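What follows is calculated from the coordinates using simple rules that are stated; it is not laboratory data. All values derive from a computational prediction rather than experimental measurement. In this analysis, Cβ positions are derived from the backbone assuming ideal geometry, glycine residues included, and neighbour counts consider all displayed protein chains.
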Amino acid sequence: MSYIDGIVTAVPKANKDAFIQHAETADAAFMEWGALRVLECWEDDVPDGKVTDFRRAVQATDDEVVVFAWIEWPDKATRDAGMAKMMQAMDSDPRLNPEKNPMPFDGKRMIFGGFSPVVDFKK
């Protein structure tokens, strides 16, 4: 079964095009390093919760939207190797270097983690 990295962040609404360009550039590296799929999703229907919600999780302001993304890997070993390559490439690969491909959002409010699927329904 595959392995998933999940990411949630807040992006200024005005930075949508810059975010898409940033993601397409950086996501190409993950695909080279073994990812099967990278999906970046722009907020469309994200309701406020009574206790918590996506917006509160990343402290999104009124001028920001929530982006929900995931990277699908064939397995955890491929993911660990890909993430190690990412960390090594942060300075040398312009796709991942924050000075050459700056994040158009506040990375300190990004939440992320690795997940092992336990149910996988497919058509």
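In table form, for the structure just shown:
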item: Options Ala18, Ala28, Ala35, Ala10: the member that is within 13 Å of Leu96 (Cα to Cα) and not β-branched (Val, Ile, Thr); result: Ala28
item: Failed item in (1) over 13 Å from the mean Cα position of the chain (by Cα); (2) charged (D, E, K, R); (3) surrounded by 14 or more Cβ atoms within 10 Å (Cβ to Cβ), with Arg109 passing the rest; result: (1)
item: Complete set of residues in segment 74-123 that are among the hydrophobic types (A, V, I, L, M, F, W, C) and under 20 Å from Glu40 (Cβ atoms); result: Met83, Met86, Ala89, Met90, Leu96, Met103, Phe105, Met110, Ile111, Phe112, Phe115
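Each row is one residue, and each column tells you yes or no for (1) within 16 Å of Phe19 (Cβ to Cβ); (2) among the charged types (D, E, K, R).
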position: Ala60; (1), (2): yes, no
position: Glu64; (1), (2): yes, yes
position: Trp73; (1), (2): no, no
position: Asp91; (1), (2): no, yes
position: Leu96; (1), (2): yes, no
position: Glu99; (1), (2): no, yes
position: Pro104; (1), (2): yes, no
position: Met110; (1), (2): yes, no
position: Gly113; (1), (2): no, no
